[in-house]
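The numbers here are math on the coordinates, done by the rules we state, and not lab data. As the structure is a prediction and not an experimental result, all values here were calculated from the model. Methodologically, a virtual Cβ is constructed for each residue, glycine included, from the backbone with ideal geometry; neighbour enumeration extends over all protein chains shown.
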Amino acid sequence: MNPQTEKQETVTWKEYFQSKEFWVLLGFLFGGTFFLVILFFYIFLPFFTKHGESTTVPEVVNSSLMQAKKTLYNANLNYEVQDSQYQAHLPPLTVLAQEPLPYEKVKPGRKVYLIVNQSTPPMVKLPEILDVNIQQAKYMLENWKLKIGKLTYQHGEAKDAVIGIMYKGKSVKPGDKVLEGSAIDLIVSKGLGDEKVPIPDLVGLNINDATNLLYSKGLSVGGTKYEKSHKKYKEGEIFKQNPKYSENDSVPKGTSFDLWIVGEEKSSLE
């Protein structure tokens, strides 16, 4: 038997599109796509977004951060500390505000953003209250969230003006940093007295010792000026004063002294 060459049939695109095989394949493609769409929108997406589920945001303001964390987790919610502020009348890490607000309906797992009370008060600068009337000085300190401490009256050149500032027993000046909410003691002028006191020799002393000496005699510090170096005196020492020291001279109580100091100006608290 002689081998015969089989004629290979060629199928055109038109014939393929009209074939049963093509329509079966097309049906599988559409059916599969429709099944995936149904699966995505009605099963996967609701599960992923927790569609239809909600939880009520509990109120955690005025709670401690630890208690707020526990309360939110029990409500199936997360939390994040977004910011901090300082309120002197509240314990550290007390919750001051929250977002979303209490009793809002949210999806489980939602993050609640919290603002909490700082553990330590921030530092604030002392305002310019020297030579300012005592009533205005009180207003300025309260505006910077500082308290008025003890008032001490001494003789000074301008009656009722602040002539000295004390913080924790140390002399300080405007611009020095203290803890917010601190009590600031003020030395207030009651005007020049009739009594005169000998001029003290301040040259060679440091600013704190000189200030304490002046206050003890009913005198005060006026202006302070600094020079980086001096041939005779070391850094931090006073090399010049006005009024000048004279063994037999005296000044009225309340007189202020200008001081020249070796070095660069620093905070009185350093």
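Residue by residue through the range 159-170, what is 3J(HN,Hα) from phi via Karplus (6.51 cos²θ - 1.76 cosθ + 1.60, θ = phi - 60°)? Round to whole Hz and write x for glycine and proline. Here the 3J(HN,Hα) series is 4, 6, 9, 6, 10, x, 10, 10, 9, 6, x, 10 Hz.
About its Cα centre, the range 155-247 has a charge dipole of approximately 340 debye under the convention of +1 per Lys or Arg Cβ and -1 per Asp or Glu Cβ, with nothing else charged.
Neighbours of D160, meaning other residues whose beta-carbon lies under 15 angstrom from its beta-carbon, give a summed charge of +1 when Lys and Arg score +1 and Asp and Glu score -1.
Can you give the FRET efficiency to the nearest 0.05 for N62 and K145, using r as the Cβ-Cβ distance and R₀ = 30 Å?
Values: r = 21 Å, r/R0 = 0.68.
Approximately 0.90, to the nearest 0.05.
Taking the centroid of alpha carbons for each part, the range 142-186 and the range 84-125 are 32 Å apart.
If the chain between L90 and E53 were fully stretched, how many nm would it gain, using 0.36 nm times the residue separation less the Cα-Cα distance? Intermediate results must be reported in sequence, preceding the final value.
Details: separation 37, 0.36 × 37 = 13.32 nm, distance 3.61 nm.
Additional length available on full extension: 9.7 nm.
Toward the positive end of the charge dipole of the chain, about the Cα centre and with charges on Cβ (Lys, Arg +1; Asp, Glu -1), which of N62, F28, Y215 goes farthest? Farthest along the dipole direction, towards plus: N62. A simple rule links phi to the HN-Hα coupling: the Karplus curve 6.51 cos²θ - 1.76 cosθ + 1.60 with θ = phi - 60°, which for the range 55-71 gives 9, 8, 6, x, 7, 10, 4, 6, 8, 5, 4, 5, 5, 4, 4, 5, 4 Hz, with x for Gly and Pro. Backbone amide hydrogens, once placed in the peptide plane, bring K190 within less than 5 Å of Q154, H155, G156, D160, excluding anything fewer than 5 places away on its chain.
For the residues D131, D194, D176, a GNM of the chain with alpha-carbon springs under 10 Å puts the largest fluctuation on D194. Pairs with C-alpha atoms separated by more than 29 Å, drawn from the list K70/K125; K168/K231; K173/K253, are K70/K125; K168/K231.
Roughly how big is the chain's charge dipole about its Cα centre, with Cβ charges of +1 (Lys, Arg) and -1 (Asp, Glu), in debye to the nearest 20?
Details: 32 positive and 31 negative charges, 66 e Å.
For this selection, approximately 320 debye.
Just add up the charged neighbours of L101: K/R +1, D/E -1, any other residue whose Cβ is under 13 Å from the Cβ of L101. Neighbourhood net charge equals -1.
Taking the average, over residues, of other Cβ atoms within 10 Å as the packing measure, peptides 159-165, 109-115, 243-249 rank 159-165, 109-115, 243-249 from highest down. The structure-derived value of Cα extents along the principal axes in Å appears in the list (i) 61, 43, 31; (ii) 55, 45, 35; (iii) 151, 53, 26 under the label (iii).
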